[in-house]
């Protein structure tokens, strides 16, 4: 195969998800009545914010060659912490500040610290104790969710202060501020992955951990940072979710893990590690939201969403395998 | 003789009751290429690990550039200027040539207080290093997975030449390479040696040893069974030393036996 052909094929493989997104949007716009309008697209972006942020953390850990199944539960715990402390009805304690806007940094900080701590525990068990990341984070996925149910007693907290709700209500160009926070996160972490030493080291550890270690990269430290970041970012996602729903319930965000997982894989991140970039992950999230929106518009019963998501995860892993086969033939 | 770079004196290594090395003595000069030969289990790998810091010797001494040398970890040996190229290459195939070249030592520049990778400066330096070594790689931005075995080997060799390695240990570096690639790799080794770097190459293939080495050091049952300049021996004599049939052609007294 010629060099130029290989280049273009590789370009398509690297950015496959964007082509898929465009194709899916085009098909739905043509086939589903009232799909093609600015409000729908704004809605897709809005829906993508929480899942998108959660996917960033998951992607960082998978790119480094590991796994973090705890992101969904960590997000729920962060949301519940925000709900219990700052919501005014239900089990909420309704803590307020003067001036009132201080609730924004306070709730965010508490959430991120909680998420970072769980991430640090995951990282410690994986990196220092040398336990399998899948098992460690599966355990966290279960016990953190248990903690959410236990602290809330299965009940919910409602009515967050207007100063926080502002972020979900106030719109700029038809899109709420929370969605801009998600986009900012994607821009920031994409920059980190592409332009800084930390990002480069994460990528290389995912590619060949032994080589990175031999070259003097502090593999343990970098992996630890990845797990802490994943926890903290998941907490940020939970905080956004609490703001969006103005509170928290014990089963908030249940099932999001698999959507995040699907988005990351569809977005071009290889489960083998060392491959993938965050812009693609955002496209993966947008793709999922586009499909959800189409299902809603077509009036299919909501149960089918789960069936379709399940098939999407399968399709995503299949796609990953297929891409690896094609790449091998290219090499 | 050239300046002595590394001198081993009666180095031994015991694994419990098993004596893997029973007193190995030889030396490596600057710019010298030594082929380390021996049958499986002769103790070659143990010896390389002791020099590269992976294992500690039980007794005996090493001197590197005239000073006492006893590395406790690979990073310590690396800091002293000893680089090891392993059988399985130490490259991340998922990133490009430049990223591999600067692995763990990336150059950065400050952009609004944030340290950003300085890709252009890194690429310039890699291009210069590759040109110095006479290695041609079509694009330094190609992912390493698309490069041939020989090109990968060249990257790895150029990498430590660039970073100021003084001694290179190559553990069966051509095990997976084809004829043409091996030939290029051997040329590469001569170029490295011409820059004053000492090279120790472990190989099973006699022909390679004769093509590239200045001196043959044969290890048998944990001792140096032969230490001869390449020009003064031949394949049959070396095979004899490896299998222990004969000691003819063994070096001038130095380091033979205990």
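Laboratory data are not the source of any read-out in this text; all were calculated from the coordinates shown. Just so we're clear, the structure is a prediction, and the values are computed from it rather than from any experiment. Note that each Cβ is placed from the backbone with ideal geometry, even for glycine, and that neighbours are counted across all protein chains shown.
Measuring nothing but how far apart in sequence close Cα pairs (under 8 Å, 6+ apart) lie, relative to its length, segment B:87-196 scores a relative contact order of 32 percent. Each semi-axis of the equivalent ellipsoid for segment B:68-152 is √(5λ) with λ an eigenvalue of the Cα gyration tensor; in descending order they amount to 24, 21, 13 Å. Between residue A:296 and residue A:323, the modelled label-to-label distance comes to 2.7 nm, taking each label 7 Å out from Cα in the direction of the beta carbon.
Here each label is just a point 7 Å from Cα along the line to Cβ, and for residue B:116 and residue A:27 those points are 3.9 nm apart.
Show that you can apply the helix-only estimate: for the protein assembly as shown, add -39,500 (n - 2.57) for every DSSP H stretch of four or more residues, divide by all residues, and state [θ] at 222 nm to the nearest 500.
About -18000 deg cm²/dmol.
One way to sum up the overall shape of segment B:195-248 is the equivalent ellipsoid from its Cα gyration tensor, whose semi-axes run 19, 12, 10 Å, largest first.
If R0 is taken as 51 Å, the Cβ-Cβ distance between residue A:149 and residue B:125 corresponds to a FRET efficiency of 0.35.
Counts of other chain beta carbons within 10 angstrom of each beta carbon in peptide A:165-174 average 0. The slack between residue A:13 and residue A:124, meaning 0.36 nm per residue of separation minus the straight C-alpha distance, is 36.5 nm. What shape does chain A take by its C-alpha gyration tensor, where a ≥ b ≥ c are the square roots of the eigenvalues and a/c under 1.5 counts as rounded, a/b above b/c as prolate, and the rest as oblate? Cα axes put chain A in the oblate bin. The angle between the Cα long axis of helix B:149-162 and the main principal axis of chain B comes to about 90°, on a 0 to 90 degree scale. Reducing segment A:233-304 and segment B:56-98 to their Cα centroids gives an inter-centroid distance of 46 Å. In chain A, Cα pairs under 8 Å separated by at least six residues give a relative contact order of 33 percent. Label point of residue B:10 set 7 angstrom out along Cα-Cβ; within segment B:52-85, amide nitrogens under 20 Å from it belong to B:56-64, B:66-71.
Counting only Cα atoms, segment A:31-142 measures 51, 50, 23 Å along its principal axes, largest extent leading.
Inter-chain Cβ neighbour count for B:114-125, averaged per residue, equals 2 (cutoff 10 Å, partner chain atoms only). Once divided by 2.2 N^0.38 Å, the Cα radius of gyration of the protein assembly as shown becomes 1.20. From most to least packed by mean Cβ count within 10 Å, the peptides A:257-263, A:160-166, B:125-131 give A:257-263, A:160-166, B:125-131. Stretched out straight at 0.36 nm per residue, the stretch from residue B:56 to residue B:195 would grow longer than its current Cα-Cα span by 47.1 nm.
Here the peptides B:222-234, A:294-306, B:43-55 are ranked by packing, the mean other Cβ count within 10 Å, and the order with the highest first is B:43-55, B:222-234, A:294-306. Estimate the FRET efficiency between residue A:221 and residue A:315 by the formula 1/(1 + (r/R0)^6), using the beta-carbon distance for r and 45 Å for R0, to the nearest 0.05. According to the calculation, E is roughly 0.80.
Three semi-axes describe the equivalent ellipsoid of segment A:210-331; taken as square roots of 5 times the Cα gyration tensor eigenvalues and ordered largest first, they are 30, 23, 10 Å. As an exercise, use a Förster radius of 51 Å and the Cβ-Cβ distance of residue B:75 and residue A:34 to find the FRET efficiency, rounded to the nearest 0.05. In this case the efficiency is close to 0.20.
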